[in-house]
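Presented below is the structure to which this report refers.
The values are calculated or read from the model by the stated rules, or taken from the named source; none is laboratory data. Since this is a predicted model, take the numbers as computed values, not measurements. Here the Cβ is made from the backbone with ideal geometry for all residues, glycine too, and neighbour counts use every protein chain on show.
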């Protein structure tokens, strides 16, 4: 009977999801800003950041600007996207099982 | 370790190792010590605060494509009726007898304690047969065999420790038996003797009696705890069964009336309500574990509240405030919805202007607790009403209070059984100002 | 131009043209023309977004900026890549779920106001135009280097601009969005292929990234200075009085300047009309989000390669000058006069003429795909938001599409004209890369005027039409004002902040929008908007239908197999 029907979202549910997602987005955005702002701060305050050499010859600062930040953005993106989608999936819609609705015999259910 | 603490510790250790590697080993010149420690502290803070979202959040991320939606957790029952996720049973796993007097547990216990007792052979029996025998003589003192020795029967009958100094005293029918002396101590749960612990020696000097006595009383304590656990689980199961059968009939009548009255004016909405009602019942009758993911309990609560909103209209307002991290934590089943139902019934239903139900759920990553608050700004309750509610569902109360849904008493009893004293459950109510229920449970 | 270079270039362009023609939409409904019927796969859409987004500024400009200023140039790459993080966090899914044609359409319907729509159209056109100009400049530079001669009495630079504009205009006018979705995807793959090929060749020839950074960082960073013939060392902006070094920050920007540049680029992306319009072609909101994650990963690969190649050019070109007379003409003491030449020159050093052809094809493709995306966005906002709604509300499908095509032509001509007027030589070497710098203008306008209002409209219920208009106007005025002031100021910290105005202009826009919104009443149907924008009912329905269709198709296949 469940095939082809789905419940719509009530305003309260949408509002709840909206506010939870806003927390997720703002939280990740703050992390993003801190990481981006950390670079100029480090290059101003810490000589080690731009003048020492990692194995291979690059300074930590160059390594981060050349590779590290892109990896960081990608990881941040994957984490934020999967968390947001998981939140939406759990907070909206039904948790109904898609397939069989049969109850194993003898499991103690006595609904008509 | 509980609730992923081990994982967290591992991640922290790895973070420090990485900081050390990057700032000290792979780089020339190395970063000075103060800056390294600062970097490590920053990384650790980020890991601890971000742990619930980064490591917990996506862990159980459902597949959005392909149509395999996640289904309610359904775990197999333990044959002895002890279900998954019961923390009391999980504590003290190191002593095998903690799970009861079985052959397997007895064998592992005997192997464990033999070196401690200074005996050559150790046996554990129940009142009928030998459950485990470790050491010389195991060829004829067989597991599963009846109690051959007379002294065991003495120890069982009198409930006190017996020391045998001579080979004859053991009463073993096998003439080649190498065992010469024995100390036999009873194992008891309360006053009831349920078995014996036997320590044999192949020399003439018996094992120290005090040592065997102490060991036997320690094992007895574990057996007693195991028994208590089992009784608790049975009681908690019984309460959960009672809870499932306890969907308030008034609620059902009311919502069916609402649907019937809307079926002509707004067929689409009444269809939606029927769908939600079927979701509601399906969830209520299908829970067969003690724990569920918070998101599923939340689904149950919002299904319930959307039905009540159809009945109360604008008088019932709802506000959810939910941390993303809470969604994947595991909470006791059928606890939040009764709290919300109470708030609707005792807070909003009698308020002329209606009111707002507020459900707030948070995770505290440092204290590792989940806190859930259900509050309303309805009429509130006098202390007498609150007392009656707290006693609601208690066996032996007059019929009138039984139909008021699931009592808070039932909930707190179940929480007792599940968490012992590791939870808090506070109800505060002011007449005219509303009621607030605060629940804090360990994160898992 | 030699035979092999021409061959490589022609093959690449022929491929793009073929795809555009083959994928031409059959029925020309408005929805198809602008949105490809909202049925484009996640990967295809991600490739197409990359094709739209990675312009000449990314392909030539980033490498040029790194070549000229070292680590400071890498901030362009970081900023361009970072732009999709705010898009992912704040915009992608709700924007798709609300489901309109364009940014002005979204704002207009969300806030229930035609004024908002028209103001947004104005801002969008400004962004598109300021984004188009650097693209045409890039195509002019490429033509200059590749062909070296003009036709019909025009100089090479002008010929390049006119030729590229003509090609793209034809593609857009006949292709529409579905056509361009596929061409954009193919173009991006071509672009990425050219970059990967170049990087692989350079590494195979013995280039060692770390050692190169170390060796070129051991001497001061020299660049040709305007009129004089010799090289002058760059001064460090972080440590006054010291020469700048390739591997350390400070060749161009002080600490605040770096941050201001990144914020400008990062906030701008969410307001770029040609990128945002792509989100409406995702099947669901969740898919839009997944698409953005793909784009983030692809951007990371693309830009880290571009930074590496800029370094390689700085490291390898001086040694290559000696036995290559053609290179000596382009350089002063082993340093390129025009940093944008870095990638094509590398291609020619390592791949002879064919290599030059590949890189040039990549550059032209980058320009073409971005211009196509921009023109389409321009067509959508003129044709849909202005013509269909205000000029001719009873327009037939045919008329609307025609109006879009005509505006495409007009916008393209305007951009070509501006490109001709702004020659790269007319800008002194005050910027790391002229193409990359010009693109920041578009990002600054988009990030100051559109993004704040956009994010507020999605995440704040109380946003009103008046607030949005005030916010957009305030952001635009502050951004343009600061920019003009910056152009008149000479050097220093003040100038750095003035030419990347988002850091200041976006907060001004937000405050203005909030203050005005508080004093006016929000639209009445905000709850309904919320339900479409943040609810997933429509997504779930779409997913279920897709599942049913899949099951049906599988059943049909099984049935057919059973019959056989």
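Scanning the stretch C:79-102 for residues that are part of a loop (DSSP other than H, G, I, E, B) and within 10 Å of chain A (Cβ to nearest Cβ) yields one hit, C:83.
Against the test of being in contact with a strand residue (DSSP E or B) (Cβ under 6 Å, 6 or more places away or on another chain) and surrounded by fewer than 20 Cβ atoms within 10 Å (Cβ to Cβ), the options B:317, B:311 yield a single qualifying residue, B:317.
Screening the stretch B:341-424 for helices (runs of 4 or more DSSP H) wholly inside it with 3 or more residues that are closer than 22 Å to residue B:284 by Cβ, at pLDDT 80 or above and assigned by TED's automatic domain parsing to the domain that holds residue B:305 returns the ranges B:408-419.
Matching residues to (1) within 14 Å of another protein chain (Cβ to nearest Cβ); (2) buried (at least 17 other Cβ atoms within 10 Å of the Cβ):
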site	(1), (2)
C:470	no, yes
C:480	no, yes
C:488	no, no
C:505	no, yes
C:511	no, no
C:515	no, no
C:518	no, no
C:529	yes, yes
C:539	yes, yes
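Scanning the stretch A:8-48 for residues that are crowded, with 21+ Cβ neighbours inside 10 Å and within 9 Å of chain B (Cβ to nearest Cβ) turns up A:10, A:13, A:15, A:16, A:17, A:20, A:21, A:24, A:28.
All of B:117, B:131 fail the test of being surrounded by 14 or more Cβ atoms within 10 Å (Cβ to Cβ) and modelled with pLDDT of 80 or more, apart from B:131. The residues of the stretch A:63-91 that are more than 20 Å from residue C:90 (Cβ to Cβ) and either out of contact with any helix residue (DSSP H, G or I) (no Cβ under 6 Å at 6 or more places or on another chain) or not in a helix (DSSP H, G or I) (or both), listed by number, are A:63, A:64, A:68, A:71. Quick check: anything in the stretch A:92-104 at pLDDT 85 or above, within 7 Å of another protein chain (Cβ to nearest Cβ) and closer than 30 Å to residue B:314 by Cα? Checked against the condition, which is being at pLDDT 85 or above, within 7 Å of another protein chain (Cβ to nearest Cβ) and closer than 30 Å to residue B:314 by Cα, the stretch A:92-104 yields at least one hit. All of (1) in a helix (DSSP H, G or I); (2) buried (at least 16 other Cβ atoms within 10 Å of the Cβ) hold for residue B:168 with one exception: (2). Using the structure shown, decide if residue B:223 is modelled with pLDDT under 85, under 30 Å from residue B:118 (Cα atoms), assigned to a helix (DSSP H, G or I) and touching a helix residue (DSSP H, G or I) at 6+ places or on another chain (Cβ under 8 Å). Yes. Annotation note: Cβ proximity below 9 Å between a residue of the stretch B:301-326 that is free of Cβ contacts under 8 Å to residues at least 24 places away in the same chain and a residue that is in a strand (DSSP E or B) (sequence gap 6+ or interchain) occurs for B:302/B:318; B:302/B:320; B:302/B:359; B:309/B:316; B:309/B:317; B:309/B:318. If you filter the stretch B:16-35 down to residues that are more than 10 Å from every other protein chain (Cβ to nearest Cβ) and under 14 Å from residue A:48 (Cα atoms), you find that the one that is surrounded by the most Cβ atoms within 10 Å (Cβ to Cβ) is B:24.
Among residues of the stretch C:262-281 that are modelled with pLDDT under 85, those with a beta-carbon under 7 Å from a residue that is outside any helix (DSSP H, G or I) at least six positions away or on a different chain give the pairs C:277/C:102; C:280/C:99; C:280/C:100; C:280/C:101; C:281/C:40. State yes or no: is residue B:313 at pLDDT below 90, within 26 Å of residue B:371 (Cα to Cα) and either within 10 Å of chain A (Cβ to nearest Cβ) or not in a strand (DSSP E or B) (or both)? No, not satisfied. For the stretch C:468-487, the set of residues classified as modelled with pLDDT under 90 and out of contact with any helix residue (DSSP H, G or I) (no Cβ under 8 Å at 6 or more places or on another chain) consists of C:481, C:484, listed by residue number. Return the residues of the stretch C:523-552 that are in contact with a helix residue (DSSP H, G or I) (Cβ under 8 Å, 6 or more places away or on another chain) and in a loop (DSSP other than H, G, I, E, B); say none if nothing qualifies. Correct list: C:523, C:535, C:536. Restricting attention to the stretch C:103-116, the residues that are assigned to a helix (DSSP H, G or I) and either on the phi > 0 side of the Ramachandran plot or surrounded by fewer than 24 Cβ atoms within 10 Å (Cβ to Cβ) (or both) add up to 4. How many residues does the stretch B:258-284 contain that are surrounded by fewer than 17 Cβ atoms within 10 Å (Cβ to Cβ) and touching a residue at least 24 places away in the same chain (Cβ under 8 Å)? Within the stretch B:258-284, residues that are surrounded by fewer than 17 Cβ atoms within 10 Å (Cβ to Cβ) and touching a residue at least 24 places away in the same chain (Cβ under 8 Å) number 2. Out of all the residues in the stretch C:338-349, is one or more within 30 Å of residue C:222 (Cα to Cα) and not in a helix (DSSP H, G or I)? Yes.
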